[in-house]
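This report concerns only the one structure given below.
The values are calculated or read from the model by the stated rules, or taken from the named source; none is laboratory data. If you're wondering where the values come from, they're calculated on a predicted model, not measured in any experiment. Here the Cβ is made from the backbone with ideal geometry for all residues, glycine too, and neighbour counts use every protein chain on show.
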Amino acid sequence: VTAATAGGIDTGDSAWILVSTALVLMMTPALGLFYAGLVRSKNTLNTFMMSIGALGVVTVVWAVVAYSLAFDDGVGFIGGLDHAFLRGVGLGPQHGLAIPELLYAVFEASFCIITAALISGAVVERISYGAFLVFIALWACLVYAPMAHWVWGGGWLASRGTLDWAGGVPVEMASGFSAFAAAIVVGARRDFGRLALLPHNAVYALLGAGLLWFGWFGFNGGSALTAGTSATLAFANTLLAPAGTLVVWLVLDLLRGGKPTAIGAATAIIVGAVGITPAAGYLSPMSALLLGALAALPSYAFIVLRPRTRLDETLDVLAAHGLAGLTGMLFIGFFAQQSWNGISNGLLFGNAAQLGWQALAVAVAPVYAFVGTFVLLKLVGIVLPLRVTERAERLGLDVSQHGEEAYVQGDGAILVSPEAGFEFSRPVAQP
Amino acid sequence: VKLVIGIVRPDKANDVLEALYRADVRGLSMSRVQGHGGELDRVETYRGTTVKMELSEKVRFEVAVSDHFVEPTVRAICDGARTGDVGDGKIFILPLERVVRIRTGEEDTAAVTPVEL
């Protein structure tokens with residue numbers, strides 16, 4: 001017991017995880033900014049509000065039941081209900097760690113929030129806001145929580161030996177393949193394939209991607225759950241891998257179109273950070289750099305080909321998260337190095353079994369996420385219309401869903417004061 | 001020679017462009033304008049401030065055409081811009097006193113006839 005440790009709590013560890021939690025929470029509005037830049041101006045606020053809504057809805061659901069379903073002992077597939085309403089989650093040390101249980105619960109909450117928000121990228125510009133919020137509340141409990149339990153809550157994948165540092169299974173593959181299913185169930189935008197639907201502000205996308213990378217140091221660095229050496233390795237790898245992806249992506253852009261693009265660069269940062277997410281604490285720094293470079297290839301190819309299909313997975317969550325996360329999970333099976341991680345080697349260092357456990361996760365997680373989301377959205381669709389009306393879609397979801405505009409002119413706006421007895425009974429332009 | 005002015009919804013502007021192209025109408029200008037026709041107001045709320053938005057974003061097309069092209073132009077704008085809801089816009093057709101093509105000095109019908117490349 002050192003001076004900094006009292007009652008099983010290490011103040012250094014706690015300090016780092018407290019900061020990491022705030023860093024990861026910031027990633028959700030950063031994601032909103034990134035996504036908002038990629039849509040048309042009339043849908044800016046609605047797109048941003050999907051992420052903001054997740055901050056509210058998912059946090060509440062997490063505290064009520066999802067945390068328990070993910071991290072209570074339960075069975076191999078899903079946790080129990082003993083921690084529902086954060087019962088028994090106090091200031092004592094989390095099992096096996098030197099941080100308080102309550103800190104662990106809020107740190108993990110921040111992961112669930114951004115993962116739910118990620119799915120919005122597949123369905124922006126046409127999904128009804130209310131239906132989306134209902135969907136992510138259910139999704140957090142029935143897709144995210146079990147998948148987090150599998151790898152982090154003592155579930156069946158972890159007990160077999162699958163390694164997942166910061167969310168290849170519950171975050172990246174879960175959001176990517178859920179996005180795939182959501183795009184199919186909700187359907188394409190009405191103008192998809194008919195008009196050029198262009199990003200309205202590439203600066204938002206770049207700034208969002210930059211803030212996401214910044215937050216990712218808490219995401220991967222914090223996933224060490226301690227402030228020691230393993231956090232340092234994950235932190236360094238979170239710098240190296242996205243840099244590798246960024247360089248390769250710029251070269252691919254150059255080869256393909258003759259010009260390195262800004263939207264491409266923003267995408268590359270996400271792809272690289274996603275690729276290293278499952279592997280951050282398991283690889284040597286040079287392996288991380290290689291992973292970043294390799295992770296660019298499948299995602300780049302998919303992003304080039306996807307718009308030529310009829311799949312309107314609008315902001316390419318499947319390519320940027322599903323495929324890159326899958327690449328990172330498999331990469332662990334080859335390049336994990338016990339001399340760095342202290343846990344296990346990969347195939348290249350003499351342990352072929354690790355590749356098997358990684359392949360098992362890669363085979364099962366996408367299927368569960370896809371099917372779970374497909375069924376959940378179909379069920380939500382029975383109760384609530386999933387899409388806004390054609391008129392609302394045409395008008396833009398900022399005005400139709402929120403009664404606000406991102407770039408309001410104010411010309412011709414007439415102040416409505418309740419004292420003046422404004423007659424709301426007069427019909428207004430509702431979509 | 002007539003000037004056809006079409007004021008349409010911004011989200012139908014691409015459809016109008018496409019319809020005009022199909023009708024072989026070349027040479028036009030478009031601008032973003034704000035206007036108010038018979039459509040109902042939008043009510044928006046920003047914190048405690050509720051406002052009625054009296055003006056809507058519109059796109060204004062201006063196309064100068066020779067007389068026998070007036071009907072195809074009007075039809076193309078109508079086809080491209082119509083949704084059936086209030087707020088689809090208007091078309092104004094004005095006589096033009098004189099048209100000059102700056103590059104060649106050609107006038108009137110010759111000035112609005114597209115150059116064959």
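Summary table
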item: Those helices (runs of 4 or more DSSP H) lying entirely in the range A:107-214 with at least 2 residues under 30 Å from A:Thr261 (Cα atoms) and out of contact with any Asp or Glu (no Cβ under 6 Å at 6 or more places or on another chain); result: A:174-186
item: Any hit, the range A:242-249, residues being touching a residue at least 24 places away in the same chain (Cβ under 8 Å), crowded, with 21+ Cβ neighbours inside 10 Å and over 16 Å from A:Leu290 (Cβ atoms); result: no
item: Residue count, the range A:87-132 (criterion: surrounded by fewer than 18 Cβ atoms within 10 Å (Cβ to Cβ) and either touching a Phe, Trp or Tyr at 6+ places or on another chain (Cβ under 7 Å) or of a type in the set (Ser, Thr, Tyr) (or both)); result: 1
item: Matching residues, the range A:399-417, being in contact (Cβ under 8 Å) with a residue 24 or more places away in the chain and not β-branched (Val, Ile, Thr); result: A:Ser400, A:Gln401, A:His402, A:Glu404, A:Glu405, A:Ala406, A:Tyr407
item: So A:Ala122, is it small (Gly, Ala, Ser), more than 29 Å from A:Asp191 (Cα to Cα) and in contact (Cβ under 8 Å) with a residue 12 or more places away in the chain; result: no
item: Residues of the range B:99-113 that turn out to be part of a loop (DSSP other than H, G, I, E, B) and either over 11 Å from B:Ala64 (Cα atoms) or under 16 Å from the mean Cα position of the chain (by Cα) (or both), as a count; result: 6
item: Residue count, the range A:270-286 (criterion: in a helix (DSSP H, G or I) and surrounded by fewer than 24 Cβ atoms within 10 Å (Cβ to Cβ)); result: 2
item: Tally of residues being buried (at least 17 other Cβ atoms within 10 Å of the Cβ), modelled with pLDDT of 80 or more and more than 26 Å from the chain's Cα centre (by Cα) across the range A:406-431; result: 1
item: The range A:18-36 - residue that is over 15 Å from the mean Cα position of the chain (by Cα) and surrounded by 24 or more Cβ atoms within 10 Å (Cβ to Cβ) and, of those, nearest to A:Asp191 (Cα to Cα); result: A:Ala36
item: Qualifying residue in the range B:64-81 (condition: surrounded by 15 or more Cβ atoms within 10 Å (Cβ to Cβ) and touching a Phe, Trp or Tyr at 6+ places or on another chain (Cβ under 8 Å)); result: yes
item: Selection count, the range B:60-98, where residues are within 14 Å of chain A (Cβ to nearest Cβ), touching a Lys or Arg at 6+ places or on another chain (Cβ under 6 Å) and not in a helix (DSSP H, G or I); result: 1
item: Residue check for B:Gly48: farther than 30 Å from B:Glu107 by Cα, more than 7 Å from every other protein chain (Cβ to nearest Cβ) and surrounded by fewer than 18 Cβ atoms within 10 Å (Cβ to Cβ); result: yes
item: Top-ranked residue in the range B:1-42 [being of a type in the set (Gly, Ala, Ser) and not in a strand (DSSP E or B); ranked as farthest from the other protein chains (Cβ to nearest Cβ)]; result: B:Gly27
item: Among residues of the range A:250-269, those that are surrounded by fewer than 17 Cβ atoms within 10 Å (Cβ to Cβ) and among the acidic types (Asp, Glu), counted; result: 0
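For every residue, the table says whether it meets (1) assigned to a helix (DSSP H, G or I); (2) within 14 Å of chain B (Cβ to nearest Cβ); (3) under 22 Å from A:Trp139 (Cβ atoms).
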residue	(1), (2), (3)
A:Gly12	yes, no, no
A:Ala22	yes, no, no
A:Gly32	yes, no, yes
A:Gly37	yes, no, no
A:Phe48	yes, no, yes
A:Trp62	yes, no, yes
A:Val65	yes, no, yes
A:Leu69	yes, no, yes
A:Gly80	no, no, yes
